[in-house]
Amino acid sequence: MRVLGFDTATSATAVALIDDAAGIELEARDDPPPNARPRHTTKLMPLIAAVLGRGSTTWSEIDLIAVGLGPGTFTGLRIGIATARALGQARGIPLVGISTLQSLAFGARADAAGFDAVLAVIDARRGEAFAAGWLPRSLDEADPPPAAEPRALSPEALGALVAVAGARTLAVGEGAVKFREVLERSGASIPEDGSDLHRVTAFNHCRLARNRRASAPDEIRPEYLRLPDAEISRPARNR
């Protein structure tokens, strides 16, 4: 099975192509500099074309598209999911939606030996984090339920989530780096800032998708977890 995966939930644009039978495992990504705007609109399709070209793969050979559902930025998710829906409809390719948080946790499973929980954390901006937790032993299951459901949290609530668990927690993701102080104070362990464990990679989307039920394009919906910035600010303006 050849799986094309991509994610636009964070500032990065991540694309991957995996085919175990042919030994193909290719990635292309764009990581903007700190504080720079995401470049999903201009980078996603060129990066997809790049991995297909490097893999000498045509659209007719793609069996599945795995797309990140977030949570993440409203605009980023809209771009990624709209692209996946359009490709699925135009090319007749089944789609699988993948939680970006679960993909992050899945990527840390080999490093979670000795830990009781893996907490995936994405910077939600506005001083908040998107986070969800899994038991390490469950991450190799086809679709493990989270031990801590995905939610948007303040730094204090994020720290309380770790402290209340009373377990050894491995926290990964750009949000874990941003909120390192509060997480470590609550007892979590966090890899060094430059660790690949903090990067959303579409490789994990592809791996997870192989064991999931495919969906029709209109069934693929983003996991925002909160209202877009514009809708949140509108009541304040009205007041």
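Touching a strand residue (DSSP E or B) at 6+ places or on another chain (Cβ under 8 Å), in a loop (DSSP other than H, G, I, E, B) and closer than 27 Å to residue 129 by Cα - does that describe any residue in segment 48-61? So far as segment 48-61 goes, no, none of its residues is touching a strand residue (DSSP E or B) at 6+ places or on another chain (Cβ under 8 Å), in a loop (DSSP other than H, G, I, E, B) and closer than 27 Å to residue 129 by Cα.
Summed over segment 1-23, the residues that are under 17 Å from the mean Cα position of the chain (by Cα) and among the acidic types (Asp, Glu) give a count of 1.
Residue check: is residue 95 touching a Gly at 6+ places or on another chain (Cβ under 9 Å), assigned by TED's automatic domain parsing to the domain that holds residue 46, over 21 Å from residue 191 (Cβ atoms) and modelled with pLDDT of 95 or more? So residue 95 fits the description; yes. Taking the numbered list (1) charged (D, E, K, R); (2) in a loop (DSSP other than H, G, I, E, B); (3) touching a helix residue (DSSP H, G or I) at 6+ places or on another chain (Cβ under 9 Å); (4) not assigned by TED's automatic domain parsing to the domain that holds residue 171 in turn, residue 37 passes all entries but (3).
Selection of segment 149-185 for residues being among the charged types (D, E, K, R) and either assigned to a helix (DSSP H, G or I) or on the phi > 0 side of the Ramachandran plot (or both) yields 156, 174, 178, 180, 181, 184, 185. Considered as a group, the residues in segment 103-123 that are touching a residue at least 60 places away in the same chain (Cβ under 8 Å) and surrounded by fewer than 23 Cβ atoms within 10 Å (Cβ to Cβ) include one that is farthest from residue 68 (Cα to Cα), and that residue is 115.
Considering (1) assigned to a loop (DSSP other than H, G, I, E, B); (2) exposed (fewer than 15 other Cβ atoms within 10 Å of the Cβ), the lone condition that residue 191 does not fulfil carries the number (2). Scanning segment 154-179 for residues that are modelled with pLDDT of 95 or more and within 21 Å of residue 103 (Cβ to Cβ) yields a count of 12. Per this entry, residue 226 is counted among residues that are over 16 Å from the mean Cα position of the chain (by Cα), modelled with pLDDT under 95 and assigned to a loop (DSSP other than H, G, I, E, B). Within the bounds of segment 56-64, is there any residue that is closer than 23 Å to residue 220 by Cβ, aliphatic (A, V, I, L, M) and either free of Cβ contacts under 8 Å to residues at least 24 places away in the same chain or not assigned by TED's automatic domain parsing to the domain that holds residue 210 (or both)? So far as segment 56-64 goes, no, none of its residues is closer than 23 Å to residue 220 by Cβ, aliphatic (A, V, I, L, M) and either free of Cβ contacts under 8 Å to residues at least 24 places away in the same chain or not assigned by TED's automatic domain parsing to the domain that holds residue 210 (or both). Out of the residues in segment 136-148 that are of a type in the set (A, V, I, L, M) and not in a strand (DSSP E or B), state the one that is farthest from residue 180 (Cα to Cα). Result: 142. Yes or no: residue 17 touching a residue at least 60 places away in the same chain (Cβ under 8 Å), in a strand (DSSP E or B), of a type outside the set (Phe, Trp, Tyr) and under 12 Å from residue 202 (Cα atoms)? Judged against the criteria, residue 17 is a match.
Per this entry, residue 37 is not counted among residues that are in contact with a Phe, Trp or Tyr (Cβ under 7 Å, 6 or more places away or on another chain), surrounded by fewer than 18 Cβ atoms within 10 Å (Cβ to Cβ) and not aliphatic (A, V, I, L, M). Being within 18 Å of residue 162 (Cα to Cα) and crowded, with 21+ Cβ neighbours inside 10 Å: is that true of residue 77 here? The answer is no for residue 77.
The values are calculated or read from the model by the stated rules, or taken from the named source; none is laboratory data. Not measured: the values here are computed from a predicted model. Cβ: placed from backbone, ideal geometry, glycine included. Neighbour counts: every protein chain shown.
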